[in-house]
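Following: one structure in structure tokens, then a few remarks.
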Amino acid sequence: MWLPILGLLVGVILGLLTDIRIPDEYSNYLSIAVLAALDTLFGGIRAHLQNIYDDKVFVSGFFFNILLAASLAFLGVHLGVDLYLAAVFAFGVRLFQNIAVIRRILISNWTNNQEKREKNSEF
């Protein structure tokens, strides 16, 4: 579970320390790629907490989501339609769903640990 979080922290720190500017014409692609990456990251954390994590699913999902989202944005640009908004919506919804499930699992684990401590302290 620590590897995705470490990768996120390293990426954020490198992004803040470098002075790389992305051209405006690529901003839609980058925003979708970041959303897809965050969706995959939180999906991996969720899978780990549910004990169903698989490295192959995580890595393939990461690259497939980014490629699919960038392809939608690319197709939309050439058709003159804002198709990237569909990807933003889809990944945004999934991102918030994953975060909600992670929150529920963490609260449930915390509650269970509290109950175990209370039972152990009674004896």
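Summary table
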{"read-out": "Meets criteria (basic (Lys, Arg), buried (at least 17 other Cβ atoms within 10 Å of the Cβ) and out of contact with any Ser or Thr (no Cβ under 6 Å at 6 or more places or on another chain)) for Arg94", "value": "yes"}
{"read-out": "Residue match in region 79-88 (condition: within 15 Å of the chain's Cα centre (by Cα) and within 20 Å of Gly7 (Cα to Cα))", "value": "no"}
{"read-out": "Qualifying residue in region 41-60 (condition: part of a helix (DSSP H, G or I), among the polar types (S, T, N, Q) and within 13 Å of the chain's Cα centre (by Cα))", "value": "no"}
{"read-out": "Sole exception among (1) of a type outside the set (Val, Ile, Thr); (2) in a loop (DSSP other than H, G, I, E, B); (3) loosely packed, with under 11 Cβ neighbours inside 10 Å; (4) at pLDDT below 85 for Asp82, by number", "value": "(3)"}
{"read-out": "Failed condition for Glu118, given (1) part of a helix (DSSP H, G or I); (2) surrounded by 11 or more Cβ atoms within 10 Å (Cβ to Cβ)", "value": "(2)"}
{"read-out": "One residue from Phe74, Phe89, Phe96 being in a helix (DSSP H, G or I) and closer than 19 Å to Arg46 by Cα", "value": "Phe96"}
{"read-out": "Residue in region 8-21 that is in a loop (DSSP other than H, G, I, E, B), aliphatic (A, V, I, L, M) and more than 13 Å from the chain's Cα centre (by Cα) present", "value": "yes"}
{"read-out": "Test for Ile32: is it under 11 Å from the mean Cα position of the chain (by Cα) and not in a loop (DSSP other than H, G, I, E, B)", "value": "no"}
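The values are calculated or read from the model by the stated rules, or taken from the named source; none is laboratory data. Source: prediction; values computed, not measured. Using ideal geometry, Cβ is built from the backbone for each residue, glycine included, and neighbour counts are taken over all protein chains shown.
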